[in-house]
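Data first, discussion second: the structure below is written as structure tokens.
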Amino acid sequence: MSWLSFLDARARAGHAAQVLKGVPAFARSRLRAADVWVQDHHVGVGATVLLVICTAVGLLLRFRMDQVVELARQFAPVCTIFAAVISAVLGLLKWIRKRKKARLAAMEAARS
């Protein structure tokens, strides 16, 4: 390995380190943007999540009814699990609405 190729490798490693240092800030900004998007579109997101869950349960019951009934007898009533999932999603939507309201209030206070 010549001296020039060593310097080139060192420069590349330094550049890679600089790029990696920016990854946490980039990830935070993307997560913050996704959080704001979900807050702004919480009704559609909630409806989509519930639609996907209902579709998955419907397909599961349609094609694996015997297996689902057997598992339900062993572990817990299906309706209880379904109600718990729906209440968790609705609770999450309530929490997101609360965060959106707080964010909008903070933005309004900053403007004043």
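Quick check: anything in the stretch 45-52 open to solvent by 100 Å² or more (accessible area, probe 1.4 Å) and within 28 Å of LYS98 (Cβ to Cβ)? It would help to see each step written out before you state the result.
Step one: of the stretch 45-52, the residues open to solvent by 100 Å² or more (accessible area, probe 1.4 Å) are 51.
Then drop every residue that is not within 28 Å of LYS98 (Cβ to Cβ), which leaves 51.
Within the stretch 45-52, one or more residues are open to solvent by 100 Å² or more (accessible area, probe 1.4 Å) and within 28 Å of LYS98 (Cβ to Cβ).
Of everything in the stretch 79-95, what is of a type outside the set (A, V, I, L, M, F, W, C) and under 22 Å from LEU60 (Cβ atoms)? Give them in sequence order.
Hits for the stretch 79-95 are THR80, SER87.
Out of ALA72, ALA56, ALA83, ALA27, report the one residue that is at pLDDT 90 or above and assigned to a helix (DSSP H, G or I).
On the way: ALA72 fails: at pLDDT 90 or above; ALA83 fails: at pLDDT 90 or above; ALA27 fails: at pLDDT 90 or above.
Testing whether each residue is at pLDDT 90 or above and assigned to a helix (DSSP H, G or I) leaves just ALA56.
Test LYS100 against the criterion of being modelled with pLDDT of 90 or more, surrounded by 14 or more Cβ atoms within 10 Å (Cβ to Cβ) and basic (Lys, Arg), and give yes or no.
Yes.
The values are calculated or read from the model by the stated rules, or taken from the named source; none is laboratory data. Everything quoted here is computed from the prediction, not taken from an experiment. Glycine gets a Cβ as well: all are built from the backbone with ideal geometry, and neighbour counts include every protein chain shown. Surface areas here come from the heavy atoms of the whole protein model, side chains and all, with no ligands, DNA or RNA. Shrake-Rupley method; radii C 1.70, N 1.55, O 1.52, S 1.80 Å.
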